[in-house]
Amino acid sequence: MSLEELIHNCKKGNRKAQELLYRNYSSVLFGVCLKYSRNKTEAEDNLHDSFMIIFDKIDQYRFKGSFEGWIKRIAINTVLQKYRKEATLNVINENNIAEETDIEPNDLDISLQTLLRYIQELPNKYRLTFNMYVMDGYTHNEIAKQLGTSAGTSKSNLARARMLLKEKIESNRNMAIIGMLIFLVEI
C-alpha cells in the first residue's frame, strides 16, 4: 500500500491503516518526543498524544510537502502545548549571558546516549529552545512565537543551554580523567 493510500484509509478511520501508520512512523516520532521530553516515560506519553492528534487531524493533510515533516511538526507542537499548559515556561530574559557559547569538537568525546541525557536534564526553557534551534532548525523568531517569548530571550536561553551542556561535558571529561588517575595509582 502506498503512503497516499495509507493516508486516505486513515482519513476514513480504518483501524488497520492507523496501526500501519503508527508502526511506520512511531520510531521516528519517538525520537522527536524523546528530544523534547524530560525522560523516556514522558516521551512515550507525548508520542501517544501526538498520534491521537495526527489521527484526529489527518483529514487536514493535503499532500503538499512531506508527510513526515507534517507529523513531526504535530509532535513538536504537542509537546510544546503540554509545557505551555503546565506553565513551566516562565522564561527569564538573561541578557548577561553571551549569545554564543562554543563547544569545541574535542569536548564532544561522549556517547550520544550521554549527550541525550544531558539535554533531557536541562531546564524546560533551555531544553526546548536548544532542541528547536539546534536539532530542528527553527529560527529565534519562530521559537519566540511558539514559546510566547521574545527572540532575544530565545537567544539567551540557547546560549544558557549551550553553556550548561558544555559544563556537563567538561565535568564528564574531568570525571573520566580522575577515574583514570585512580586506576593508575592503584597499579
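Where in the range 137-155 does the amide nitrogen come within less than 17 Å of the point 7 Å from the Cα of L115, taken along Cα to Cβ?
137
For a Förster distance of 35 Å, can you work out the FRET efficiency between the beta-carbons of H8 and T139, rounded to the nearest 0.05?
Using R0 = 35 Å, I get an efficiency of 0.55.
Among the lysines, which have Cα under 27 Å from the Cα of K35 when same-chain residues fewer than 8 positions away are ignored?
K57, K64, K72, K82, K85, K125, K145, K155, K166, K168
Over the Cα atoms of the range 3-86, what radius of gyration and what Dmax do you get, in Å?
When restricted to the Cα atoms of the range 3-86, Rg and Dmax are 12.5, 38 Å.
No value in this document is a laboratory result; all are computed from the given coordinates. In this text the structure is predicted, and so the values were computed from the model without any measurement. With ideal geometry, Cβ positions are generated from the backbone for all residues, glycine too; neighbour counts draw on all protein chains shown.
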